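Right, one structure below, let's go through it.
The values are calculated or read from the model by the stated rules, or taken from the named source; none is laboratory data. Everything numeric here is computed off the predicted structure, so don't read it as measured data. Cβ coordinates were reconstructed from backbone atoms using ideal geometry, including for glycine residues, and neighbour counts include every protein chain displayed.
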Amino acid sequence: MESAERAVAVLIEFELIERARSGDDNAFNQVLQAYRKRILGTIARLIGKPEDVEDVGQEVFLRLYYSLDQLRTPEVFEPWLYRLTVNAAYDYLRRQRRRHESRMSDLSEQQVMMADASAGGKQSKEDARRTRIREQVQSLLDKVSTEDRVLLMLKEVEGLSLKELEKIYKVNENALKVRLFRARQRVLKAYESEA
Amino acid sequence: MDRMDDKLDSLWAEYRQACPDPEPSANFTPRVWQRIEARRRATSSLRHWVEACVMAALTLTLLIATFLIPRYQRQPVYQSTYADVLAEADSPDYTLVLTGGDIR
């Protein structure tokens, strides 16, 4: 799977992480440059709101900067960064869910933009198809908990292996398999009811 | 159920393709550094405030130790020692009172 290979590829030298960990701002900037696109991609798929992706991404790198000294070894840097990303996405999604509960009728800026664009006939056929898929998946994921949503995204869309998920969630493989199975069942149920 | 499983798998794959990694805007990295600096400034001003409080507390403690404690210590509770009190109690005048003045 292409995305799984993408997830395990280490983008930088451990020595650079070590330097960033010891307070070298220049090294941290290089880490930031190397990982920002990948992290923004993961956040975009996790939260499904393009207008907020950069804000959450900045929060991830801010947290990384102030917690890098707690990193035990550079070898675990990527799971560490993924954990920060997942936590920032969780925080965002919980905030959104609360906001959504208080204003049930609101449309996301993305949806409004999409509606405007399609009304004006500006979207190409391919764009329209992509938009439809994004909306379908987001509406499906809105029907399950934030925990299920993030776990499934990391496994099914980001293509992380069970070993990588173990490092992120700090639970053993069997517990993860059970969680994944249950999350998938819940999404399947929602998918069936939608179909 | 298997058919739905397959459909769900293909939906994940399509979603992955429909959401490629976005290009960060030109402002992304500068904004990260701005936020880092803002946090650093906030932490630094908090540290200054805490340091000022600690200094004030230390100064107050020193003032109390230098001026107030010695003032209270200069006012002794007893004017004489225990031996002085005993000696005074054992004086001839005192014995005279006890025996009603009849000393032989």
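Structure notes:
- Contact annotation: residue pairs with Cβ atoms under 9 Å, 6 or more positions apart or on different chains, pairing a residue in segment A:56-81 that is among the hydrophobic types (A, V, I, L, M, F, W, C) with a partner that is assigned to a loop (DSSP other than H, G, I, E, B) and crowded, with 17+ Cβ neighbours inside 10 Å, are A:Val56/A:Lys49; A:Phe77/A:Ile12; A:Phe77/A:Leu71; A:Trp80/A:Leu71.
- Residue within segment B:22-43 that is modelled with pLDDT under 90, more than 30 Å from A:Ala44 (Cβ to Cβ), away from chain A (no Cβ under 14 Å) and assigned to a helix (DSSP H, G or I) present: no
- Which numbered condition A:Glu194 fails, given (1) surrounded by fewer than 13 Cβ atoms within 10 Å (Cβ to Cβ); (2) under 27 Å from A:Leu71 (Cβ atoms): (2)
- Among the candidates A:Glu173, A:Glu164, residue that is touching a helix residue (DSSP H, G or I) at 6+ places or on another chain (Cβ under 9 Å) and surrounded by fewer than 17 Cβ atoms within 10 Å (Cβ to Cβ): A:Glu173
- Restricting attention to segment A:149-190 and to residues that are part of a loop (DSSP other than H, G, I, E, B) and under 16 Å from the mean Cα position of the chain (by Cα), the residue that is nearest to B:Asp21 (Cα to Cα) turns out to be A:Glu158.
- Search result, residues across segment B:1-19 that are more than 7 Å from chain A (Cβ to nearest Cβ) and not charged (D, E, K, R): B:Met1, B:Ser10, B:Ala13, B:Gln17
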